[in-house]
Amino acid sequence: MSYPFKKIEKKWQKIWKKNKYKNWKAKDFKGKKIYILDMFPYPSGEGLHVGHVEGYTATDILARYYRMKGYNVLHPMGWDAFGLPAENYALKMKKNPMTFVPKNIKRYKNQMEMIGLSYDWDREINTTDPNYYKWTQWMFLKMYEKGLVYQKTAPINFCPSCKTGLANEEVIGGRCERCGSITEVKYLNQWHIKITAYADRLLEDLDELDWPENVKEMQRNWIGKSEGYEVTFKIAGEEKEIIIFTTRLDTIFGATFVVLAPEHPLSAKIPEEEYVSNVESYIENSLKRPERERKIEEEMSGVFTGRYAIHPITGERIPIWVSDYVLYYYGTGAIMGVPAHDSRDYRFAKKFGLKIISVVSPNKNEEPQNLPFEDYGYLINSFDYNGLDSKTAIEEIGKYLEEKGLAKKAVYYKLRDWVFSRQRYWGEPIPLIKCPKCGIVPVPEKDLPLKLPKVKSYEPTGTGESPLKNITKWVKTKCPKCKSDAERETHTMPQWAGSCWYYLRYIDPKNNKKFAGFQKLKYWLPVDIYVGGVEHAVLHLLYARFWHKFLYDLNLVPTKEPFMKLVNQGIILGPDHEKMSKSRGNVINPDEVIEKYGADTLRMYEMFMGPLEAVKPWDTKGIIGIFRFLNKVWEYNKKVRKSKKKKEDTKINIELNKTIKKVTEDIEAMKFNTAISSMMEFLNYVWDKEVTKTTWLNFIKILFPFAPHITQEIWSQYKKGFLDKEAWPKYDEKLLKEKEKLIIIQINGKKRDEMSVDVSASLEEIQKEALERTKVKKFLENKKVHKIIFVQDKILNIVTD
RNA sequence: GCCCGGGUGGCGGAAUUGGUAGACGCGUUGGGCUUAAAACCCAAUGGCCUACAUAGGCUGUGAGGGUUCGAAUCCCUCCCCGGGCACCA
């Protein structure tokens, strides 16, 4: 017979709800605050999966713990309901997202209650609520006002299945982040946001953050800062010049050719007559192919223009080529080819028989052994600069060229501006109006929110136009400036827009004058702990940091960064150690687990599986261990209720204090798996013993954040009120200082014996006692003691010759 | 190719950061309860070996080497797995 978890869990969930979640409310400006945040879900309709439960349980434990510790805890939840995930699901089910999404939200919320998550539901937000997206639009207009929003026709990534343009960040390995389709390149006129203006700050401020190193590294790589020089190469017999970008000015004496990207304006302009048709067809061909395809190609291609560039130092004539291994959208779209020290230039030179000169070597006055040699080293074959190390050479050569006006320092980033238009229905309408007379005119603030119109058909068109385009009534409007007939922008914002600032709205969710009051923001920010999946490393987490910094510059938020500490929960694999997926049939459904074992078991098992950050497989058998543990708690409680014991034994007291200490420290370090182990150890220890009610209730208190239902039920059998309101038990350090210590006796580093010693014993006493032990004597026969090493309270190592 | 993680029993994982390797849990084996099974309870459980037994020995944290009285932990070389980036000049 198992304990009646269904009855207990239902009972307390009902009471908590009836109590209007009062125990979980955050109060502004009251005492010491802590802001514990989850990444809010997209309510797609598939329901919560075990991965959500993992992260949400972890923060729930923290929230419950800190409340008991007397903190003012902000632990909110909301819905990221705009965007592709929700819309694609609605499309699949042939429903309108406007009616469908609220249903999904209900389902998600219901599931969260079934897991026993202690959110402050008064602060619930929904990104599709006009009262919410009013402020998303407002912030967008602020960016527009500050010149960070611009329109440009550019080749962008386009998902043929979702039928919309995507940002660079949304293309993972050439595929759409949402649906996995291979993306295409389309030339579309899109709104962009100048996130690149913040590249340097986004990079630098990473250092201050308590984030996993790999996430910081991913952001650094994504931003991809390169410092170098722009160098001018004159074209022989022409006024025109080619500006190239290089980070390796030390290799300039090895530049034996110049390469232009096919898109480079000079590519089509400069070829000698006999080369024109060749170059033109090459350019035409490469423009047809998306960048991604060009990259994958092993074989290098390119054409000679028939023209030569003048080397800026030696004055030598070097050939100018056009090749698509040079990217137009990075740097200046032109490079100097240094085949001896760059693998791509090397391959290119080999293929077309171009000159290769080594100019950097690992050793002075020596040619490098293997080409290409891409590391820094010492200069050779470089005239006056021979013998200098690469770094010095870069500076010296840079100085020389700068003086001659042929070079200047330059910084380039891999990060590109954020493509912000989506050709989809389910998003925040971009609040801009196109007036034939005034051009682009923002929707006046008083007219916000610009509501998304209700429609019958919202299927994406695939033409590069938004479905909103067909809603003539909505599209046709008057220009706010000149009142003449005008049209609304019909593209919508990407799904990331709403999630860029949702953590701010929780702080002041009902404010209808501002997105949030500054004093409240000052009290609650920054977010102290943010838990969520690593998949947002260069998406949401980069966008939100950018958005936050923008608001910071307008003095609208008090901190430079939104999220101080970030923790990524590791994904939970199926029992077969493979990623959970419907097609593999290895998906664990949390609803079913709750049905079979209850929410407390589900919560605790997910915390017990291993470290929060680790990727770990679900073990269908393993969960029984937690279930047994909770059953044992229930059984043992019956024994305690009958007990008349008044005074606790010292040994049990020590054990309890040890457990409280371990659980306290482990929760703060988010090491939930070992916290649970130590509680199991405690129960195992007292299992055949009797404890007082006080001892037992202290144990129940520390178990509460992990298993709130069963503990609250047990608590109610002794005392009134909610465990949320109880103070976290303190542990007594004095009790933890044991009188006797176990000393391990090693001989030459190997454990041979152990003995118990009074803590007050002197080293001499311990040594003497140890050397007299029969086992020790046996090992020391015919040997001379050379040295004795003693580690206080731990080890005595006897070293012999 | 480059950059991050990581390799510990049959499995998930512990190990105070250089000091008893394998906590806790699963599984397995033996025993109890039961007409029987499940559930539950008790005990054993890294591998190899010696022993009638109480016991005891050797070996062991991906491989090899090094530092140290002492290494899962630090250093060097290599192998393997996971993740990210990938013609970014």
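Taking 30 Å as R0, compute the FRET efficiency from the Cβ-Cβ separation of A:GLU274 and A:GLU316 and round it to 0.05.
Values: r = 23 Å, r/R0 = 0.77.
It comes out at approximately 0.85.
Ordering A:ASN568, A:VAL531, A:LEU521 by Cα displacement along the dipole of segment A:478-588 toward the positive end leaves A:LEU521 in first place; charges were set at the Cβ atoms of Lys, Arg (+1) and Asp, Glu (-1). For segment A:179-233, the square roots a ≥ b ≥ c of the C-alpha gyration tensor eigenvalues yield an a/c of 1.5 or more together with a/b not exceeding b/c, which makes the shape oblate.
Given axes a ≥ b ≥ c from the Cα gyration tensor, I'd like to know whether segment A:591-656 is rounded (a/c under 1.5), prolate (a/b larger than b/c) or oblate. Oblate. Among the listed pairs A:LYS134/A:LYS446; A:LYS20/A:LYS522; A:LYS434/A:LYS483; A:LYS7/A:LYS632, a Cα-Cα separation exceeding 19 Å is found for A:LYS20/A:LYS522.
Translational D (Stokes-Einstein, µm²/s) of segment A:468-533 at 4 °C and 1.567 mPa s when Rh comes from the Kirkwood sum over C-alpha pairs? In µm²/s, the coefficient rounds to 84. With the convex hull of its Cα atoms as the shape, segment A:670-720 has an orientation-averaged projected area of 3.8 nm². Enclosing the Cα atoms of segment A:277-401 in their convex hull gives a volume equal to 124 cubic angstrom per residue. Here segment A:335-431 is treated as a Stokes sphere of Kirkwood radius computed over C-alpha pairs; at 25 °C and 0.890 mPa s its diffusion coefficient rounds to 147 µm²/s.
Its Cα gyration tensor gives segment A:509-620 an equivalent ellipsoid; the semi-axes, largest first and in whole Å, are 37, 17, 13.
Going by the alpha-carbon gyration tensor, a ≥ b ≥ c the square roots of its eigenvalues, is segment A:585-629 rounded (a/c under 1.5) or, if a/c is not under 1.5, prolate (a/b greater than b/c) versus oblate?
Here segment A:585-629 falls in the oblate category.
So what is the 222 nm mean residue ellipticity for chain A from helices alone, if each DSSP H run of at least 4 adds -39500 (n - 2.57) and you divide by all residues, rounding to the nearest 500 deg cm²/dmol? List each step's numbers first, then the result.
Values: 27 runs with 291 residues, N = 801.
Only helices count here, giving -11000 deg cm²/dmol.
Over every pair of different alpha-carbon atoms in segment A:620-722, take the mean of 1/r and invert it; report that Kirkwood radius in Å. For segment A:620-722, the Kirkwood estimate is 14.1 Å.
Give the residue list of trypsin sites (Lys or Arg not before Pro) in segment A:351-446 that are DSSP loop and have at most 15 other beta-carbon atoms within 10 angstrom.
Working: sites: A:LYS351, A:LYS355, A:LYS364, A:LYS391, A:LYS399, A:LYS404, A:LYS408, A:LYS409, A:LYS414, A:ARG416, A:ARG422, A:ARG424, A:LYS434, A:LYS437, A:LYS446; in loops: A:LYS355, A:LYS364, A:LYS404, A:LYS414, A:ARG416, A:ARG424, A:LYS437.
Sites meeting the loop and neighbour criteria: A:LYS355, A:LYS364, A:LYS404, A:LYS414, A:LYS437.
Listed peptides A:61-67, A:98-104 appear in the order A:61-67, A:98-104 once ranked by packing, highest mean of other Cβ atoms within 10 Å at the front.
Could you give the size of the charge dipole of chain A about its Cα centre, using +1 on the Cβ of each K and R and -1 on the Cβ of each D and E, expressed in debye and rounded to the nearest 20?
On the way: 132 positive and 107 negative charges, 1095 e Å.
In total the dipole reaches around 5260 debye.
Loop-located trypsin sites (Lys or Arg not before Pro) in segment A:720-763 (DSSP state other than H, G, I, E, B) with a sparse environment of at most 11 neighbouring Cβ atoms within 10 Å: A:LYS720, A:LYS730, A:LYS737, A:LYS739.
Annotation: aspartates and glutamates with alpha-carbon distance below 14 angstrom to A:LYS725 (same-chain offsets under eight excluded): none found. When the alpha carbon coordinates of segment A:83-228 are projected onto the principal axes, the ranges are 56, 39, 34 Å, largest first. Placing a pseudo-label 7 Å from each Cα along the Cα-to-Cβ vector at A:ALA236 and A:ASN221 gives an inter-label distance of 4.2 nm. Rolled with a 1.4 Å probe across the full set of protein chains, the surface gives A:TYR71 an accessible area near 60 Å². Modelled spin labels at A:GLN151 and A:LYS582, positioned 7 Å past Cα toward Cβ, are 3.9 nm from each other.
For segment A:7-95, state which GluC sites (Glu not before Pro) are in a DSSP loop and have at most 15 other beta carbons lying within 10 Å of their beta carbon. All intermediate terms of the calculation are to be shown ahead of the outcome.
Working: sites: A:GLU9, A:GLU46, A:GLU54, A:GLU87; in loops: A:GLU46.
Counting only loop positions with at most 15 other Cβ atoms within 10 Å, the GluC sites (Glu not before Pro) in segment A:7-95 are A:GLU46.
If R0 is 30 Å, the Cβ-Cβ spacing of A:LEU780 and A:VAL759 corresponds to a FRET efficiency of close to 0.70.
Where the alpha-carbon atoms of segment A:722-782 are placed on the principal axes, they occupy 68, 22, 15 Å, in descending order. Segment A:660-801 gives an Rg/Rh value of 1.18, both radii derived from C-alpha positions and Rh following Kirkwood. Looking at chain A, do any whole DSSP H helices span at least 18 angstrom along their long axis by alpha carbon and average 0.0 or above on Kyte-Doolittle, and which? Counting only whole DSSP H runs, the qualifying helices are A:672-686.
Pairwise Cα separations in segment A:376-507 fall into 5 Å bins from 0 onward with the following percentages, short to long: 2, 9, 12, 13, 11, 8, 6, 4, 4, 7, 8, 8, 6, 3, 1. Size of chain A from its Cα atoms: along the principal axes, largest to smallest, the extents are 105, 88, 50 Å.
Computed over the alpha carbons of segment A:223-346, Rg followed by Dmax gives 13.9, 42 Å.
Shown is the FRET efficiency for A:LYS645 and A:LYS787, computed with R0 = 45 Å from the Cβ-Cβ distance and rounded to the nearest 0.05: 0.30. What a 1.4 Å probe finds exposed on segment A:26-128 is 55% carbon and sulfur by accessible area, rounded to a whole percent.
Only protein heavy atoms count here; under a 1.4 Å probe, A:ARG347 has an accessible surface of about 110 Å². Using a cut-off of 16 Å between alpha-carbon atoms, which aspartates and glutamates can reach A:LYS27, once sequence neighbours fewer than 8 places away in the same chain are excluded? Partners within reach: A:ASP120, A:ASP122, A:GLU124, A:ASP508, A:ASP724.
Beyond a 21 Å Cα-Cα separation, which of these cross-linked pairs lie in this structure: A:LYS186/A:LYS469; A:LYS186/A:LYS437; A:LYS639/A:LYS730; A:LYS520/A:LYS701? Each step should come with its number before you reach the end.
Numbers: A:LYS186/A:LYS469 19 Å; A:LYS186/A:LYS437 29 Å; A:LYS639/A:LYS730 25 Å; A:LYS520/A:LYS701 32 Å.
Over 21 Å apart, Cα to Cα: A:LYS186/A:LYS437; A:LYS639/A:LYS730; A:LYS520/A:LYS701.
Within the shell defined by Cβ-Cβ distances under 12 Å, the residues around A:ASN110 carry a net charge of +3, with Lys and Arg each +1 and Asp and Glu each -1. Report the antiparallel proportion of the DSSP beta bridges in chain A as a percent, rounded to a multiple of 5. In chain A, approximately 75 percent of DSSP beta bridges are antiparallel ones.
The values are calculated or read from the model by the stated rules, or taken from the named source; none is laboratory data. Worth saying up front: this structure is predicted, and the values here are computed from it rather than measured. All Cβ positions, even for glycine, are placed from backbone atoms using ideal geometry, and neighbour counts span all protein chains on display. What goes into the accessible areas is simple: the full protein's heavy atoms, side chains included, and nothing from ligands, DNA or RNA. Shrake-Rupley method; radii C 1.70, N 1.55, O 1.52, S 1.80 Å.
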